[in-house]
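Novice: Shown below is the structure under consideration.
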Amino acid sequence: LAFSEGRYQEAIEALEDAASVARRRREHIVFEPPACSAMLARCYLATGHLDLAKKWVQQVSTDRFTNPLNREQNQISIARVQVALGRPSDAMATLAPLRLSAEQDQHYRHLVEIQLVYSEALFAEGKTIEAEQMLAQAVQRASEAGFMRLLAEESPTIRQLCRALPVLKAPGRWNSRVTAMLSELAEAETAETEPEDSQRDTQAAPGNTDLPEPLSQRELEVLDLINQGLANKDIANTMGVAPTTVKAHIRNLYGKLAVGSRTEALARARELRLLA
């Protein structure tokens, strides 16, 4: 859940804790636990720690997995890291044998992931037509199975490519919900990387210059609405943006104010004279 909501450090801590429990209680665990390492690699990629992801690939061994689902998860994560490291041909070589076995074993979630990562590798090699065909197959299969969040958890590259697919522009409840979800994520990413001009406009605000990184105009607006007691949903309605965007603004202002809650944010803002 933490990974799905973009709280990657929290996800890493939970995964490391799970792996520790699995090691300590190994003799008491009847079935092979889920593959924590595969999700850990995705967290490294999501946070931009390519060095840690590369180190993980060098250390991980799929031979120790008796559960085929765990083996597939790790192979898919290995391919993700290979794409991120600029080795798309290696990624396709890793994924090629998995495509047939995942389909034969009816591991449809993994099959969709395999096709999505394979399409990203094809795009990285400049094979646009093949990549679009593979991506369309993945989206079609995801639609048939009802997967939605699966697409939202993919890399920014895949999400952008999915939004441009003609198949997602067709009428339908699933298409509209997935398109809305991907659009919200894109809007949130834009909010996290606001232009420097927006930042400069707010530096003259009283107390804002005391911060190492001043709050943007939108972040100040969110702060004021928090001070008025509005919930995230109400803030989104007031500002005319998606709730995901509000969460991104709040995450940003928490980081700039070095706080971890609304109460702390308001207290710190008053210290800096950002609020009356």
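The values are calculated or read from the model by the stated rules, or taken from the named source; none is laboratory data. As the structure is a prediction and not an experimental result, all values here were calculated from the model. FYI the Cβ positions are ideal-geometry reconstructions off the backbone, even for glycines, and counts take in every protein chain you see.
Novice: How many residues does segment 142-161 hold that are more than 15 Å from the chain's Cα centre (by Cα), hydrophobic (A, V, I, L, M, F, W, C) and part of a loop (DSSP other than H, G, I, E, B)?
Specialist: Number of matching residues: 1.
Novice: Just wondering, is there one or more residues in segment 60-68 that are out of contact with any Lys or Arg (no Cβ under 8 Å at 6 or more places or on another chain), in a helix (DSSP H, G or I) and crowded, with 16+ Cβ neighbours inside 10 Å? Give the steps one after another, and end with the answer.
Specialist: If we filter segment 60-68 for residues that are out of contact with any Lys or Arg (no Cβ under 8 Å at 6 or more places or on another chain), which is where we start, we get 60-61, 63-64, 66-68.
Those still in the list that are in a helix (DSSP H, G or I) too: 63-64, 68.
Add one more test, that the residue is crowded, with 16+ Cβ neighbours inside 10 Å, and what stays is none.
The answer is no; no qualifying residue exists.
Novice: Given the conditions (1) assigned to a helix (DSSP H, G or I); (2) surrounded by fewer than 23 Cβ atoms within 10 Å (Cβ to Cβ), and given that Gly86 satisfies all but one, which numbered condition is not satisfied?
Specialist: Unmet condition: (1).
Novice: OK, next. Within segment 25-43, can one find any residue that is closer than 20 Å to Pro156 by Cα, among the charged types (D, E, K, R) and assigned by TED's automatic domain parsing to the domain that holds Ala102? Spell out the reasoning first.
Specialist: Restricting attention to segment 25-43, the residues satisfying the condition of being closer than 20 Å to Pro156 by Cα are 38-43.
With among the charged types (D, E, K, R) added as a condition, the list becomes 42.
Next cut, assigned by TED's automatic domain parsing to the domain that holds Ala102 only: 42.
The answer is yes; a qualifying residue exists.
Novice: A further question on this structure: Are any residues in segment 108-136 farther than 20 Å from Ser77 by Cα and free of Cβ contacts under 8 Å to residues at least 24 places away in the same chain, and if so, which ones?
Specialist: Gly126, Lys127, Thr128, Ile129, Glu130, Gln133
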